[in-house]
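*Asks:* There's a structure below that I have some questions on.
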Amino acid sequence: MIERKIRVLIAKPGLDGHDRGAKVIARALRDAGMEVIYTGLRQTPEMIAEAALQEDVDAVGISILSGAHMVLVPRVLDLLRANGQEGVCVFVGGIIPENDVPSLINAGVAQVYGPGTPTTQVVEDITRAVLQQAQV
Amino acid sequence: MNVEHDLVESVVAGKRLPLARLLTLVENNAPEGLAALDQLFPHTGRAHLIGVTGSPGSGKSSLVNQIALALRNPPSGKAARSVAIVAVDPTSPFTGGAVLGDRVRMRDLAGDPGIYIRSMASRGALGGLARATTGVVQALDAAGFDVVLVETVGAGQAEVDIARLAHTTLVIEAPGMGDDIQAIKAGILEIADILVINKADHPGVDSTVRALRAMLELGHPTHLHNPVASGTPLWIPPVLQTIATQSEGIADLVEAIDRHTAYLHTTGAWQARDRSRLQTELEQLVQVELNNNWRASVPPEFIQETLAQVETRQISPYQAAKLLTHPLPELHPG
């Protein structure tokens, strides 16, 4: 009997120490039946990509409040591609100015979530993205 | 054409992405993963399997982090060992989801190509490991890691599956977790090859040491489930103190692990444990296989009818089980 589970890495790069949002999302994804690998604070893009590889995740959620997203997020995407994980769905949550969203999406981010996003929305998006990827 | 064969070659060659994908296939019980394990099996049997168990919050992940660091950076004259870590955390019985947080304590190990960390959810298994942990450990063994550290779900008293899997089992306690009556109860303390009292800077450490030593003086039963030839010396589990967050006591712990390894080799206990592990695995797989065959061969209506007879008290559950498993003609041709 095959039992497939969606595996998601929740990562918190950069130097800010506010991981409440990351924990709320981790908990919501858990309650939606996913397996969530939580890595803790102050992860470098290299650490995030290494964990995503070793854990063979379907999606990576990056929580970022420090304003360094235009540097850190493209770096994570590059490393994932370099490791052969271009199929992994990457989403970003936190305080992201509207003007930055299009270039993040262009770089390969699936979704950007601001404060107040219902967690059900995130669950739906990830489930859909992973199912689509599985059919490719 | 032969996907499994390519996968097997890449895993044995030490490639990381194929290994990661294989572990997922094994966890998901996918046929191609199990077929790859068949081909990998001749490459297994070399890694030293070390189990780490103990109650939630006793510091298992932090100790695993420290042990791995010590194995990667040995004192001069000794070779560094490559280390795979399998960290199991519980699955919610309500939603099937899990938060796997053991990596949080293992950030010191990031960026080292000689380390591989994999988090696993228990997915409903109750013995402290996941059903697929054995297969995952086999794959990591075949991938050439010298040591595989398996960290169980935070364990209470009876989660003892790890002792069947590992060559060396560490049981981690924290001070103040109970008196000498706890120490003579059956269960988790019986499986320890090495007892570690972590957080040794916390109050109550002396009485915990005393209780565990007293338990050991009453006799230690590891030889009961891991028989050694008569005449060979018994292994008396050492009681060690560590403070994982300050890297204290780690050198002694690694030294004790190496002494236990040497003991296993000189007494023949290594092979005995290997045999007993494979026997357990085989028996479990036979049970699953028999159960699947049985389900496939018994018409569901027959099961429903029999259940109805039990519900109306016409027959007992034991009689019903006999009836349902009675040798059926289609199960035993000829």
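*Asks:* How do the pairs read when you match residues in the stretch A:50-75 that are on the phi > 0 side of the Ramachandran plot with residues anywhere that are assigned to a strand (DSSP E or B), using Cβ under 6 Å and keeping only pairs 6 or more apart or on different chains?
*Replies:* none
*Asks:* Quick test for you: out of B:L49, B:L19, pick the one residue that is within 30 Å of B:T245 (Cβ to Cβ) and not small (G, A, S).
*Replies:* Working: B:L19 fails: within 30 Å of B:T245 (Cβ to Cβ).
Only one candidate passes the filter, namely B:L49.
*Asks:* Residue check, B:S55 against (1) out of contact with any helix residue (DSSP H, G or I) (no Cβ under 8 Å at 6 or more places or on another chain); (2) exposed (fewer than 15 other Cβ atoms within 10 Å of the Cβ), all met but one. Which one?
*Replies:* Only one criterion in (1) out of contact with any helix residue (DSSP H, G or I) (no Cβ under 8 Å at 6 or more places or on another chain); (2) exposed (fewer than 15 other Cβ atoms within 10 Å of the Cβ) is unmet by B:S55, namely (2).
*Asks:* Further, regarding this structure: Looking at (1) touching a Lys or Arg at 6+ places or on another chain (Cβ under 9 Å); (2) modelled with pLDDT of 90 or more; (3) within 12 Å of chain B (Cβ to nearest Cβ); (4) closer than 28 Å to B:P93 by Cα, which is the only condition A:A59 fails?
*Replies:* Failed condition: (3).
*Asks:* Taking the condition surrounded by 18 or more Cβ atoms within 10 Å (Cβ to Cβ), at pLDDT 75 or above and under 19 Å from the mean Cα position of the chain (by Cα), does B:A211 pass?
*Replies:* Details: surrounded by 18 or more Cβ atoms within 10 Å (Cβ to Cβ): yes; at pLDDT 75 or above: yes; under 19 Å from the mean Cα position of the chain (by Cα): no.
Criteria not met by B:A211.
*Asks:* Separate question: Inside the stretch A:1-18, can you point out the residues that are crowded, with 18+ Cβ neighbours inside 10 Å and either in a helix (DSSP H, G or I) or on the phi < 0 side of the Ramachandran plot (or both)? Lay out the reasoning, then the answer.
*Replies:* The initial filter retains those residues of the stretch A:1-18 that are crowded, with 18+ Cβ neighbours inside 10 Å, namely A:5-14.
The answer is A:K5, A:I6, A:R7, A:V8, A:L9, A:I10, A:A11, A:K12, A:P13.
*Asks:* If you go through the stretch A:22-42 one residue at a time, do you hit one that is more than 7 Å from chain B (Cβ to nearest Cβ), polar (S, T, N, Q) and either buried (at least 17 other Cβ atoms within 10 Å of the Cβ) or within 26 Å of A:R81 (Cβ to Cβ) (or both)?
*Replies:* No; the residues of the stretch A:22-42 include none that is more than 7 Å from chain B (Cβ to nearest Cβ), polar (S, T, N, Q) and either buried (at least 17 other Cβ atoms within 10 Å of the Cβ) or within 26 Å of A:R81 (Cβ to Cβ) (or both).
*Asks:* Right, here's the next one. Does A:A52 count as within 11 Å of chain B (Cβ to nearest Cβ) and crowded, with 22+ Cβ neighbours inside 10 Å? Step through it out loud before you land on a result.
*Replies:* Values: within 11 Å of chain B (Cβ to nearest Cβ): yes; crowded, with 22+ Cβ neighbours inside 10 Å: yes.
Judged against the criteria, A:A52 is a match.
*Asks:* Among the residues that make up the stretch B:163-171, is at least one of them in contact (Cβ under 8 Å) with a residue 24 or more places away in the chain, buried (at least 24 other Cβ atoms within 10 Å of the Cβ) and charged (D, E, K, R)?
*Replies:* Looking through the stretch B:163-171, none of the residues is in contact (Cβ under 8 Å) with a residue 24 or more places away in the chain, buried (at least 24 other Cβ atoms within 10 Å of the Cβ) and charged (D, E, K, R).
*Asks:* If a residue must be under 13 Å from B:V153 (Cβ atoms) and within 10 Å of chain A (Cβ to nearest Cβ), how many such residues does the stretch B:88-99 contain?
*Replies:* Filtering the stretch B:88-99 down to residues under 13 Å from B:V153 (Cβ atoms) leaves B:88-93, B:98-99.
Still in the running and within 10 Å of chain A (Cβ to nearest Cβ): B:89, B:91-92, B:98-99.
Total satisfying the criteria: 5.
*Asks:* Please tell me if B:L109 is assigned by TED's automatic domain parsing to the domain that holds B:A244 and surrounded by fewer than 24 Cβ atoms within 10 Å (Cβ to Cβ).
*Replies:* yes
*Asks:* Something else about it: Does A:V130 count as assigned to a helix (DSSP H, G or I), touching a strand residue (DSSP E or B) at 6+ places or on another chain (Cβ under 9 Å), modelled with pLDDT of 95 or more and not hydroxyl-bearing (S, T, Y)? Steps first, please.
*Replies:* Details: assigned to a helix (DSSP H, G or I): yes; touching a strand residue (DSSP E or B) at 6+ places or on another chain (Cβ under 9 Å): yes; modelled with pLDDT of 95 or more: no; not hydroxyl-bearing (S, T, Y): yes.
Taking the combined requirement at face value, the residue does not satisfy it.
*Asks:* β-branched (V, I, T) and part of a helix (DSSP H, G or I) - does that describe any residue in the stretch A:54-73? Walk me through it before giving the result.
*Replies:* Initially, the stretch A:54-73 is screened for residues β-branched (V, I, T), giving A:57, A:60, A:62, A:64, A:71, A:73.
Filter once more, so that each one left must be part of a helix (DSSP H, G or I): A:71, A:73.
Within the stretch A:54-73, one or more residues are β-branched (V, I, T) and part of a helix (DSSP H, G or I).
*Asks:* Does B:I67 satisfy the criteria of being away from chain A (no Cβ under 12 Å) and not basic (K, R)? Break it down into steps so the answer makes sense when it comes.
*Replies:* Numbers: away from chain A (no Cβ under 12 Å): yes; not basic (K, R): yes.
In short, yes.
*Asks:* Please enumerate the residues belonging to the stretch B:109-150 that are of a type outside the set (A, V, I, L, M), assigned to a loop (DSSP other than H, G, I, E, B) and more than 9 Å from chain A (Cβ to nearest Cβ). Don't jump to the end; show me each part of the working.
*Replies:* To start, the set of residues in the stretch B:109-150 that are of a type outside the set (A, V, I, L, M) comprises B:111-114, B:116, B:118-119, B:122-124, B:127-128, B:131, B:133-135, B:138, B:141, B:144-146.
Narrowing further to those that are assigned to a loop (DSSP other than H, G, I, E, B): B:111-114, B:122-124, B:127-128, B:131, B:144-146.
B:D112, B:P113, B:G114, B:S122, B:G124, B:G127, B:G128, B:R131, B:G144, B:F145, B:D146 - these are the residues of the stretch B:109-150 that are of a type outside the set (A, V, I, L, M), assigned to a loop (DSSP other than H, G, I, E, B) and more than 9 Å from chain A (Cβ to nearest Cβ).
The values are calculated or read from the model by the stated rules, or taken from the named source; none is laboratory data. These figures come from a predicted structure and were not determined experimentally. In this analysis, Cβ positions are derived from the backbone assuming ideal geometry, glycine residues included, and neighbour counts consider all displayed protein chains.
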